[in-house]
């Protein structure tokens, strides 16, 4: 048994296998997941776990370069959106209309995680990054300066 971090074996494995630029969708309980993709269903009962309950530990284990959310979220549930944005911190966050976001994610996302969240548009798409990018940029700058 793991002593810390995400204990859910399937979620932990999905995080470990995501590569740079691949997308993990964290969605609400009503999220329609397309066939043929990796589905991890965490929903237990209404509201458990909530989107931010899942987002926070995932951000602790996944190197994320950016996030994508539905633009409608700010109108339908500003407090929950604010919680998610606070967890995302300084990461770039792109907003797209929900229908475009759905179509894009059906084509691009590799892992879909359904939570117990029962509020509208509470979906966060995480674009995997790499932890060594800052060091790579410094090395490139040193090489170009010489």
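Residues in region 63-80 that are out of contact with any strand residue (DSSP E or B) (no Cβ under 6 Å at 6 or more places or on another chain) and surrounded by 18 or more Cβ atoms within 10 Å (Cβ to Cβ) were compared, and the one that is nearest to residue 4 (Cα to Cα) is 80. Quick check on region 115-133. Is at least one of its residues at pLDDT below 90, more than 15 Å from the chain's Cα centre (by Cα) and assigned to a helix (DSSP H, G or I)? Yes, region 115-133 contains at least one residue that is at pLDDT below 90, more than 15 Å from the chain's Cα centre (by Cα) and assigned to a helix (DSSP H, G or I). Annotation: of all residues in region 32-58 being in a helix (DSSP H, G or I) and without any contact (Cβ under 8 Å) to a residue 40 or more places away in the chain, the one that is farthest from residue 17 (Cα to Cα) is 52. Taken together, 99, 87, 55 contain a single residue that is in contact with a helix residue (DSSP H, G or I) (Cβ under 8 Å, 6 or more places away or on another chain) and more than 16 Å from residue 29 (Cα to Cα), which is 87.
Of everything in region 102-114 that is outside any helix (DSSP H, G or I) and out of contact with any helix residue (DSSP H, G or I) (no Cβ under 6 Å at 6 or more places or on another chain), the residue that is farthest from residue 80 (Cα to Cα) is 110. In contact with a strand residue (DSSP E or B) (Cβ under 7 Å, 6 or more places away or on another chain), in a loop (DSSP other than H, G, I, E, B) and closer than 13 Å to residue 122 by Cβ: does that describe residue 84? Here the answer is no, as residue 84 does not meet what is asked.
Collect the residues in region 1-31 that are touching a residue at least 12 places away in the same chain (Cβ under 8 Å), touching a helix residue (DSSP H, G or I) at 6+ places or on another chain (Cβ under 8 Å) and assigned to a loop (DSSP other than H, G, I, E, B), keeping them in residue-number order. Those that are touching a residue at least 12 places away in the same chain (Cβ under 8 Å), touching a helix residue (DSSP H, G or I) at 6+ places or on another chain (Cβ under 8 Å) and assigned to a loop (DSSP other than H, G, I, E, B): 5, 6, 28. Residue 59 meets the conditions (1) under 15 Å from residue 121 (Cβ atoms); (2) modelled with pLDDT of 95 or more; (3) in contact with a strand residue (DSSP E or B) (Cβ under 9 Å, 6 or more places away or on another chain) in every case but one. The failed one is (1). When restricted to residues that are free of Cβ contacts under 8 Å to residues at least 24 places away in the same chain and under 20 Å from residue 15 (Cβ atoms), region 70-126 contains 1.
The values are calculated or read from the model by the stated rules, or taken from the named source; none is laboratory data. All values reported here derive from a predicted model rather than from experimental measurement. Please note: Cβ atoms are built from the backbone with ideal geometry, for glycine as well, and neighbour counts cover all protein chains shown.
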